[in-house]
1. State, to one decimal in nm, how far the label point of residue B:161 lies from the label point of residue C:235, with both points 7 Å from Cα in the Cβ direction.
2. Let me know the volume per residue of the alpha-carbon convex hull for the protein assembly as shown, in Å³.
3. How many partner chain Cβ atoms sit within 10 Å of a residue's Cβ in peptide A:175-185, on average, as a whole number?
4. Considering only C-alpha atoms, what is the centroid distance from segment B:13-42 to segment B:109-124, in Å?
5. Within segment C:306-344, list the residues whose amide N lies under 19 Å from a label point set 7 Å along Cα→Cβ of residue C:389.
6. Roughly how many nanometres apart are two label points built 7 Å out from the Cα toward the Cβ at residue A:177 and residue C:348?
7. Round to the nearest 0.05 the FRET efficiency obtained for residue B:21 and residue A:56 when R0 = 56 Å and r is the Cβ-Cβ distance.
8. Give, as ranges by residue number, the residues of segment A:61-82 whose backbone N falls under 16 Å from the point 7 Å along Cα→Cβ of residue A:265.
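A short reminder: the numbers here are calculations on the coordinates, not readings from a lab. All of these numbers come straight from a predicted model, not from anything done at the bench. Positions of Cβ are backbone-derived with ideal geometry, glycine not excepted, and every protein chain shown enters the neighbour counts.
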């Protein structure tokens, strides 16, 4: 966006960003260091950021999970469910977005409104009818109810990609058509690469939303061997008994790692720009 | 004569065939979504709508009671209005704040620099935590009487020792701030949008002598409007649906000052075993949210600029830059 | 055309991969898929543990709690597995999501076989036939009542049927910090102390040492209100679920005075600021375990944990009697129950397991008093040697309370939860200065009567 920036500018920039970010993530930093404190001390030594004694107890205790099922199982389950969901979600959402935004088919507006409306009803009143459907399909206590609906895309992603596609001039479509491209080719060879930042953004969101999903997982996964990380984390903090906050924070940090790593890795795709130089010349 | 009508016939036939093709393609692309929508969404939607006219405790068959739920909701339920008022305050305070921060930070971080990816990750972190228990627990302690927030405020000279989450005036703010703190996802979307603005626009503008502010208002903002529309609509919908944080951090308290709508709905449905009533509440919410969404969409005709359609607003200056 | 095929095939490969992955992870649940029919057939042969034979019956058992309870319960159940031809499916979660999950499963006719039940929800499940009567198993002796007082089962009786077996009883209490009392030179409270004595004690301690006292039951006013009502010789709920005391001016005034007194103490600074007290979330947050509070009203089953955190045994005594009341309003509740669901295919086996969980010495030695003080005198005696000083104190306290209480309370009526919430909110509103005591009580009575009548 800018050309050469003066060193002072750079310095100010970094200072500003760092100080804001420090305030922003202080709670997380606190959580990170608390996970190394002795569990009983976590809440009694709030002011003291660094642990006086660094312990890995919380990680051991936390990792052991409950009644013999360790977090290894939980992580594995989370990975399977989440990865499958993300693939399906992004794929189908981008297809649907293309359909809505670029193809004038009958019923488009009505279905578009339907799609938006799916976001406006709180999930709490849908869980029972949905449960009955899955129960009749015999899918309870499997991963299917968690993954299959994701292969229908999500309104959030569809709408997002539509907005990004809106930024792609329709002259592109015309040009491609003249060149003999059919719709599908247009979609795969031209549209998708152009909205890659949006697709990757969706993938990141899809990943951590699914990773985080608690209620859906809990309802359909009844046996601890199938539990995902999100359920396990919730089990650590039950208000009716003393909670092991040290272990909770420790496991929470661990569960954040995949998401963070994914984000760092995919960063550059999100922030790639596009050049529509072929168009305006 | 013959020739002309034959031509017209041919044209209509082609048009029809094209329309048919368009329809086929359209449904092909939205196919998977449509199927899942019908099976996993439409049916439950209709079911919940029907349930809203029943007395349903989930443990036995629903009993049809007509409009009673709705009538009771609007005429006898004081907490309904409380919940609405809390939720409205929440949405119209937190959403603008969130969008503002998201846009500001996105602009700030929209540059090439080695450390920037790291910064982006840092700003994005809070929103990854979402409604997790750990974050809510931690937030509770940060905003407690002896928590970090007070320590911080005291250290910069603002005396403060209130317990933010249990003070009836500030309790809602602690939830609002949590929501705003998690602006990372909106920020990412703005970033992606910013990246999609072709660099040559800015280059041309600089050549024309436009300064930074001019460039922002005449290039960035207009081209970002589809994304702004998206984020606004999404955040408002999300804001109305806020639930987990309110449940874990304050559980609607103190004295129902943070009783957000969906939390109250949840209490009615699962704590008091009145799923029919809860369903009615849900549909009222849908109407409210739908209303605001429609309002925003309607207004978007005047302020959103789509490059692939020839809409009008603010395009004069932009066209000048572009052409 | 070629491209189309290419794209299609890529798509199909992806789907294929996905299905393969799903079926890999579902291999374990392939068998459980077949067992989850719409009719909730849940004791088909299946196992998580591939070493156990597939012909074993699998019993699904669910409970809420945190890590400690999950571990101890599983340990106890594992011991059962060693000696019996059963296999378990443990379906434990935390309190906050328990009821949502259970209700949803009920709709799908897919309830687990053995369910941990609470006092507020048991009536709903019972009346709607989602849990079964335990009487047949009591009669046939599978559930052993030799050491159990039959009256204590009234706590799990709904409409004449025992549908929940109480895992233990608990009651209300006042806990106090002996050291602070010593410092202030104040005598320890006695079980038969009065409300005025309670207020005076708090004031004296505050004057002498500056140490405050907790607001009684700020998080759940009902425990206090019920005590007051009962001290005027009324039941909290009548048999039909209504408030029999709502028209008696004496009782209403008793409540209003008590509430007003508390508010006054808050204003004097003798009681802790409600803003501070409401924010307490965990045991460690409570002032009483930090030595910052002299007295607190507490449910007896928390005594042990609190003393543990404090590091010294706390004093425990009964609630102070309102000055003009007729008798002590002490009462006992069931902690929680074990119930058998209507979807259970083999209730006899389930009943044996239930019996094991409440009557077996070995099981109780693992679980200890986590689910309350056992109904069985044999277990109580047996555990006294094993448990620490704190739990022993609780045992003693409950014994002394049970001497003056006729019977354990029946569970709450069906719409109680919403009514009680009104009381809770009004009480807090009172403490926050948004209502006065008159309003708080009157409004509660009006709203609750309406709700309970529905």
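1. Reported label-point gap for residue B:161 and residue C:235 is 5.0 nm.
2. Enclosed volume per residue, from the Cα hull, is 191 Å³.
3. 2
4. Cα centroid to Cα centroid, the span is 41 Å.
5. Taking a point 7 Å out along Cα→Cβ of residue C:389, the residues of segment C:306-344 whose backbone N falls under 19 Å are C:306-317.
6. Placing both labels 7 Å beyond Cα along the Cβ direction yields 7.5 nm.
7. 0.30
8. A:76, A:78-82
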